[in-house]
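Worksheet for the structure shown next.
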Amino acid sequence: MPAPIALTCGEPGGVGPELAVAARIALPDLPFFWIGDPRHLPKGSALALIDSPDQAVTVPAGVLPVLPHRFAAENPPGVLVPENARGVIEVIERAVALAQSGEASAVCTAPLHKKALKDGAGFGFPGHTEFLAHLAGVENVVMMLASPLLRVVPVTIHIALAEVPQVLTPDLLAETIRITHVGLIRDFGLTAPRLAVAGLNPHAGEGGAMGREEIDLIAPVLAQLRAAGMVISGPLSADTMFHPRARAGYDAAICMYHDQALIPIKTLDFDGGVNVTLGLPFIRTSPDHGTACDIAGQGIARPDSLIAALQLARDMALQRATR
């Protein structure tokens with residue numbers, strides 16, 4: 001069996017701590033451990049302090065294994081404590097180190113509050129993905145949102161829609177497709193992944209009447225990759241790509257911008273979507289929601305996405321172990 005999964009604490013004032021406890025109850029047979037300050041977990045939680053990841057497998061069901069990481073201060077739910085920003089960053093670094101050493105089979109990250117990290121510790125990265133790539137020494141990574149109903153990859157991510165045509169280049173598109181193709185083989189067990197690529201414009205440009213990006217940029221890249229042996233359809237009109245019959249024809253959809261990818265998956269499976277980073281030397285998953293500080297500590301946050309993220313991390317680790 002692979003090593004236990006490292007679950008980072010995320011923003012201590014968010015829902016991450018309470019969801020970790022709920023996920024442990026829901027997944028008694030899935031070996032994972034939480035890295036963070038025990039003081040930030042809900043009062044009265046059943047937890048067991050461990051000294052090393054391998055001890056997590058001996059902790060009784062329903063009890064959360066905790067690898068302690070001391071923070072500067074206590075942190076009530078719903079409150080951003082600037083002094084704790086450095087601890088949040090250190091926990092991520094520690095989880096990555098454990099994954100790189102093989103002591104953890106994967107890293108599952110609870111959500112961050114980017115402004116809190118910037119204000120409290122001068123965090124200079126847009127988010128988790130870029131920081132993890134930096135720690136791994138990797139230049140190019142890909143964000144995939146995955147659920148049992150759909151896998152989507154946005155080529156451009158957190159930029160204004162007006163900037164997409166300038167940022168979208170042949171090299172970026174080709175590298176995104178290549179990383180996705182490799183990830184589907186290595187981590188999802190697909191021998192010949194089928195990729196569907198959306199156009200940028202309505203009706204995929206309609207032969208140039210609504211834009212030429214499909215003709216001048218997207219189609220030549222796809223032709224090159226097909227010649228290299230990839231199974232790719234497109235460029236396709238995005239408005240017909242996500243109904244059940246269309247989804248049955250591909251394993252992942254490559255989309256040109258953020259909302260083109262995320263609206264379909266969040267509509268189809270809002271609670272079950274998982275954020276996966278492809279292209280890292282270790283497995284990384286994350287629930288597809290934010291810190292939700294406004295409801296932290298109220299007992300109403302749903303653990304579904306974190307549960308799905310841990311389950312997918314386990315499945316990916318098992319897949320890698322068989323290769």
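The values are calculated or read from the model by the stated rules, or taken from the named source; none is laboratory data. This one's a predicted model, so the numbers in the text were calculated from it and none came from an experiment. FYI the Cβ positions are ideal-geometry reconstructions off the backbone, even for glycines, and counts take in every protein chain you see. Accessible surface is based on the protein model in full, side chains and every heavy atom, while ligands, DNA and RNA are left aside. Shrake-Rupley method; radii C 1.70, N 1.55, O 1.52, S 1.80 Å.
Distance between the C-alpha centres of the range 301-323 and the range 37-75: 20 Å, rounded to the whole angstrom.
Rounded to the nearest Hz, the phi-derived 3J(HN,Hα) couplings of the range 104-115 under the Karplus curve 6.51 cos²θ - 1.76 cosθ + 1.60 (θ = phi - 60°) are 10, 7, 6, 10, 10, 10, 6, x, 9, 10, 4, 5, where x marks glycine and proline.
Quick check: from the Cα gyration tensor, does the range 214-321 come out rounded (a/c under 1.5), prolate or oblate?
Prolate.
Amide H to amide H distances under 5 Å link Gly10 with Ala110, where only residues 5 or more positions off or on other chains count and H is placed in the peptide plane. Both radii come from the Cα set of the chain: Rg as radius of gyration, Rh as Kirkwood radius; their ratio Rg/Rh reads 0.99.
Relative to the longest principal axis of the Cα atoms of the chain, helix 16-26 runs at roughly 90 degrees. Accessible surface area normalised per residue over the range 21-163 is 45 Å², counting heavy atoms of protein chains with a 1.4 Å rolling probe.
Find the centroid of the Cα atoms in the range 79-132 and in the range 241-273, then give the distance between the two in whole Å. Value for the Cα centre distance between the two parts: 28 Å.
Over the range 224-288, accessible surface divided per residue gives 40 Å², non-protein components excluded, 1.4 Å probe. Return the FRET efficiency for the residue pair Ile185, Ala26: r is the Cβ-Cβ distance, R0 is 35 Å, and the value is rounded to the nearest 0.05. Computed FRET efficiency for Ile185 and Ala26: 0.70. Rounded to the nearest 0.05, the FRET efficiency derived from the C-beta distance between Ala160 and Ala73 at R0 = 45 Å is 0.80. Taking Lys and Arg as +1 and Asp and Glu as -1, the other residues whose beta-carbon sits under 14 Å from that of Asp304 total -2.
Can you bin every Cα-Cα distance in the range 36-119 into 5 Å intervals starting at zero and give me the percent of pairs per bin, rounded to whole numbers? Using 5 Å bins, I get a P(r) of 3, 13, 21, 25, 20, 13, 5, 1 for the range 36-119. Among DSSP beta bridges whose residues both lie in the chain, state the antiparallel percentage, nearest 5. So the antiparallel bridges amount to about 30 percent of the total.
Ligands, DNA and RNA left out, the accessible area of the range 108-243 computed with a 1.4 Å probe is 57% carbon and sulfur.
Straightening the chain between Val231 and Ser101 buys 43.3 nm, computed as 0.36 nm per residue apart minus the Cα-Cα spacing.
Whole-Hz Karplus values for the range 77-83 come out as x, x, 10, 8, 10, x, 5 Hz, taken residue by residue from phi with 6.51 cos²θ - 1.76 cosθ + 1.60 and θ = phi - 60°; glycine and proline positions read x. Residues whose amide H comes within less than 5 Å of that of Ile5, counting only those at least five positions distant or on another chain, are Phe32, Phe33, Ser105 (H built at 1.01 Å from N in the peptide plane).
For Leu200, the residues whose modelled amide H falls within less than 5 Å of its own, excluding neighbours fewer than 5 places apart on the same chain, are Glu214. State whether the range 1-158 is rounded, prolate or oblate according to the following rule on the C-alpha gyration tensor (a ≥ b ≥ c being the square roots of its eigenvalues): a/c under 1.5 gives rounded; otherwise a/b larger than b/c gives prolate, and the remaining case gives oblate. Note, shape of the range 1-158 comes out oblate.
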